[in-house]
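Down below is the structure, laid out as structure tokens.
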Amino acid sequence: MQDNNCNGLVEKIKKEKEKAIILSVISNIALVLMKITVGILTGLVSIVAEALHSANDLLASVIAYFGVKGSLRPPDREHPYGHGKVEIITGWIENILILIIGLGIIYEGYRKFIDKSHPKLIIAGIIVMLVSGLVNLFVSVYLIKKGKELRSVGIEVDGEHLRADVVTSFGIAVALGIMQLTNLWWIDPVGAILVGVWVIGIFIRLSYTLTHQIIDKGLNEEELVKIDGMLKCFEEIKAYHKIRTRQSGSTIFVDMHVKVDKKMTVEASHELTTKIETKIAEMYGDVNVLVHIEPYYNGN
């Protein structure tokens, strides 16, 4: 029964992940087409830069989709701990794309600044940036929330991409509004350069997150306190130590040493480990738990 429940939970997580990524792909396709069209018609480099940013997000969403699907493949003989780190690899690919597009945007803004180009149809540019910002606001909040809930670095990275779009879209809308009122042509290329700097900042922050995933960073102190509190609820447990945790994709790995009465039978010990595994599964969903049972002697 426990295996059926766990399998059902994993399948639910898989569907939730795929649903989140598909939403990201669809929204990015619509925004890329809209921004490219308006950017070309108006000659606004800041909107073209945002179109490139959204195109990067679209490609990143597609990469994330395959990364999520790959990470959810069940363990096999060659990969007994599962394929969770596929999601980290695709996350790094997405992150490198963020760096490339950020540098490209800065270059394009610099080129337009040197050329002193004068855009037109600024009002249309303001409208498309506001629409883009609102769409990405709702989608990014959903993706980041789901990424944290499902412990999916791929989905969370994708949400961070779109959250960057929210800030840059509204920022460019404000900049274009000022340009419309003042007729200062340089605001457009300077705005594009600031977008590029913001995107590179996202690359730096996500590099930190992804690096910790690669080196098997354990759960934070708050989560360890939760595990500690759960273990204290079992009267059979006399003591416990060597609790270790790590995350691979969305799977949480937990192993620990638990001390019980030296007279406890093998059957009773097995039942206890099953209860511990079930409790941890209830806390984190997709888990892999290893409990080592030891005899308890006179306070040791």
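Just one of (1) basic (Lys, Arg); (2) within 18 Å of residue 149 (Cα to Cα); (3) not in a strand (DSSP E or B) trips up residue 263, so point out which.
(2)
Can you pull out the residues in the range 34-47 that are surrounded by fewer than 23 Cβ atoms within 10 Å (Cβ to Cβ), in contact with a Ser or Thr (Cβ under 9 Å, 6 or more places away or on another chain) and part of a helix (DSSP H, G or I)?
34, 36, 39
Of the numbered conditions (1) in a helix (DSSP H, G or I); (2) modelled with pLDDT under 75; (3) more than 20 Å from residue 154 (Cβ to Cβ), residue 80 satisfies every one except a single condition; which is it?
(1)
One line per residue, one yes/no per condition, for (1) over 21 Å from residue 90 (Cα atoms); (2) among the aromatic types (Phe, Trp, Tyr); (3) modelled with pLDDT of 80 or more:
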| position | (1), (2), (3) |
| --- | --- |
| 139 | no, no, yes |
| 181 | yes, no, yes |
| 194 | yes, no, yes |
| 199 | no, no, no |
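Taking residue 201 and the conditions (1) in the same structural domain as residue 105 (by TED's automatic domain parsing); (2) touching a residue at least 40 places away in the same chain (Cβ under 8 Å); (3) not in a loop (DSSP other than H, G, I, E, B), which numbered condition does it fall short on, given that it satisfies the others?
Against the list (1) in the same structural domain as residue 105 (by TED's automatic domain parsing); (2) touching a residue at least 40 places away in the same chain (Cβ under 8 Å); (3) not in a loop (DSSP other than H, G, I, E, B), residue 201 comes up short only on (2).
Taking the condition among the basic types (Lys, Arg), surrounded by fewer than 18 Cβ atoms within 10 Å (Cβ to Cβ) and either under 30 Å from residue 88 (Cα atoms) or in contact (Cβ under 8 Å) with a residue 24 or more places away in the chain (or both), does residue 275 pass? Step through it out loud before you land on a result.
Numbers: among the basic types (Lys, Arg): yes; surrounded by fewer than 18 Cβ atoms within 10 Å (Cβ to Cβ): yes; either under 30 Å from residue 88 (Cα atoms) or in contact (Cβ under 8 Å) with a residue 24 or more places away in the chain (or both): yes.
When the stated conditions are applied, residue 275 passes them.
Scan the range 210-246 for residues that are surrounded by 17 or more Cβ atoms within 10 Å (Cβ to Cβ) and among the polar types (S, T, N, Q) and jot them down.
213, 245
If a residue must be touching a Phe, Trp or Tyr at 6+ places or on another chain (Cβ under 7 Å) and surrounded by fewer than 24 Cβ atoms within 10 Å (Cβ to Cβ), how many such residues does the range 167-178 contain?
Going through the range 167-178 one residue at a time, the tally reaches 1.
If the requirement is being at pLDDT 80 or above and closer than 18 Å to residue 92 by Cα, which of these qualifies: 204, 214? Quick ask: steps written out before the conclusion?
On the way: 214 fails: at pLDDT 80 or above.
Only one candidate qualifies: 204.
Among what's in the range 278-300 and is out of contact with any Cys (no Cβ under 7 Å at 6 or more places or on another chain) and assigned to a helix (DSSP H, G or I), pick the residue that is surrounded by the fewest Cβ atoms within 10 Å (Cβ to Cβ). Let's see the steps before the verdict.
Looking only at the range 278-300, we keep the residues that are out of contact with any Cys (no Cβ under 7 Å at 6 or more places or on another chain), and these are 278-280, 282-300.
Filter once more, so that each one left must be assigned to a helix (DSSP H, G or I): 278-280, 282-284.
On the way: 278: 15, 279: 16, 280: 22, 282: 12, 283: 14, 284: 20.
Applying the filter and picking the extreme gives 282.
Residue under question is residue 129, and the condition is that it be crowded, with 21+ Cβ neighbours inside 10 Å and closer than 14 Å to residue 48 by Cβ; does it hold? Can you show your working first?
Working: crowded, with 21+ Cβ neighbours inside 10 Å: yes; closer than 14 Å to residue 48 by Cβ: yes.
So residue 129 passes the test.
Condition test on residue 286, is it closer than 25 Å to residue 149 by Cβ, without any contact (Cβ under 8 Å) to a residue 40 or more places away in the chain and acidic (Asp, Glu)?
no
Quick one: in the range 179-200, of everything that is over 12 Å from residue 104 (Cα atoms) and not hydrophobic (A, V, I, L, M, F, W, C), which residue is surrounded by the most Cβ atoms within 10 Å (Cβ to Cβ)?
188
The values are calculated or read from the model by the stated rules, or taken from the named source; none is laboratory data. As the structure is a prediction and not an experimental result, all values here were calculated from the model. Positions of Cβ are generated from backbone atoms using ideal geometry, with glycine treated the same way; all protein chains shown enter the neighbour counts.
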